[in-house]
Amino acid sequence: MSALKKKCLGIGFGIFLLVLWELLSVIIGKSFILPGPLLVISKIWENRADIFLVHLPATMQVVLIGCLIAIALGIVLAVIMDLDVRIEKALYPILTATQTIPVMCIAPIFVLWFGYSMKMRVIVVVLINFFAVAVNVFDGFKSTNEGRTELLMTYGAGKLQRLFLLRFPSALPYFFTALKIAVPWSIVGAAVSEWLGAPSGLGTYSRSCMMSLDAAGLLAPLVVITVIALLVNAVLQFIEKKIVTWNGEE
């Protein structure tokens, strides 16, 4: 199946889901239970000033800071584990253990420690994402062609030289996979942290709509978040194709 046919199939299926959603909302006939997509879009347009000028910038600021910290921390941890197998055996189980604790269970503790501040929201975003970055980049290091590694060693290349000349390029496809996981989850994590308490943000807007039983307003930020995540994912795929031109080569 060609790439164009795949895109058309995906767009067609998306339109089918929207039509089905609208039909179900008409059948149910109660907008406070299931508002249709047209009503949700109307709500977004009606409150566009609040959503796009107040709440969206607040959420994206947390996403940007949290995502950058998570990416930097994940890469550093992956490099440290790759350089020394003893550190890998010590850190990897701890990294895995951090993912067994639901963030929503420990997020209230951060509220107690840091209050309803940006620091609290950024920490939530970092905790959700750094594991995916660290593990994917580390797996990318491990996928490095051993023959090329041995060739560099015969030329006297040290660990750091092999890391920057060979292992980092080999890990780039895995790094972009991590980004395509981390960036959308950063948006979700920021919105979740705002639900716990924040002066502004899409999560805050959604919570206020829930308190007033405004189902269309409750779904409006979710639609905005979904569209942004899809756009970011498309941009990352485009950048990956331009940079990782050797992907799939042996």
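The values are calculated or read from the model by the stated rules, or taken from the named source; none is laboratory data. Fair warning: this is a prediction, and the values are worked out from it, not measured in the lab. Using ideal geometry, Cβ is built from the backbone for each residue, glycine included, and neighbour counts are taken over all protein chains shown. Ligands, DNA and RNA are stripped out before the accessible areas are found, and what is left, the full protein with its side chains, is counted by its heavy atoms. Shrake-Rupley method; radii C 1.70, N 1.55, O 1.52, S 1.80 Å.
Take the residues in the range 38-55 that are closer than 17 Å to I228 by Cα and in contact with a Ser or Thr (Cβ under 8 Å, 6 or more places away or on another chain), then tell me which one is least open to solvent (accessible area, probe 1.4 Å). Out of the qualifying residues, it is H55. Exactly one residue out of N145, N129 is surrounded by 12 or more Cβ atoms within 10 Å (Cβ to Cβ), more than 30 Å from P199 (Cβ to Cβ) and not aliphatic (A, V, I, L, M), and it is N145. The set of residues in the range 74-115 that are in a loop (DSSP other than H, G, I, E, B) and over 22 Å from the mean Cα position of the chain (by Cα) comprises D84, G115.
Within the option set A178, A190, A198, A220, being open to solvent by less than 20 Å² (accessible area, probe 1.4 Å) and not in a helix (DSSP H, G or I) holds for one residue only, A198.
Answer yes if at least one residue in the range 58-77 is open to solvent by 40 Å² or more (accessible area, probe 1.4 Å), farther than 22 Å from N129 by Cα and of a type outside the set (S, T, N, Q), and no otherwise.
Of the range 58-77, the ones open to solvent by 40 Å² or more (accessible area, probe 1.4 Å) are 60-61, 64-65, 68-69, 72-73, 75-76.
Pick out the ones that are also farther than 22 Å from N129 by Cα and you get none.
Scanning the range 58-77 turns up no residue that is open to solvent by 40 Å² or more (accessible area, probe 1.4 Å), farther than 22 Å from N129 by Cα and of a type outside the set (S, T, N, Q).
When S31, S25 are screened for being of a type in the set (S, T, Y) and part of a helix (DSSP H, G or I), only S25 passes.
Of the residues contained in the range 153-166, one or more are found to be touching a residue at least 12 places away in the same chain (Cβ under 8 Å), part of a helix (DSSP H, G or I), charged (D, E, K, R) and open to solvent by 50 Å² or more (accessible area, probe 1.4 Å). Of all residues in the range 225-242, those satisfying the criterion of being open to solvent by less than 50 Å² (accessible area, probe 1.4 Å) and touching a Phe, Trp or Tyr at 6+ places or on another chain (Cβ under 8 Å) are L236, E240. Within the range 204-217, the set of residues being of a type outside the set (K, R) and either open to solvent by 30 Å² or more (accessible area, probe 1.4 Å) or free of Cβ contacts under 8 Å to residues at least 24 places away in the same chain (or both) comprises S206, S208, C209, M210, M211, S212, L213, D214.
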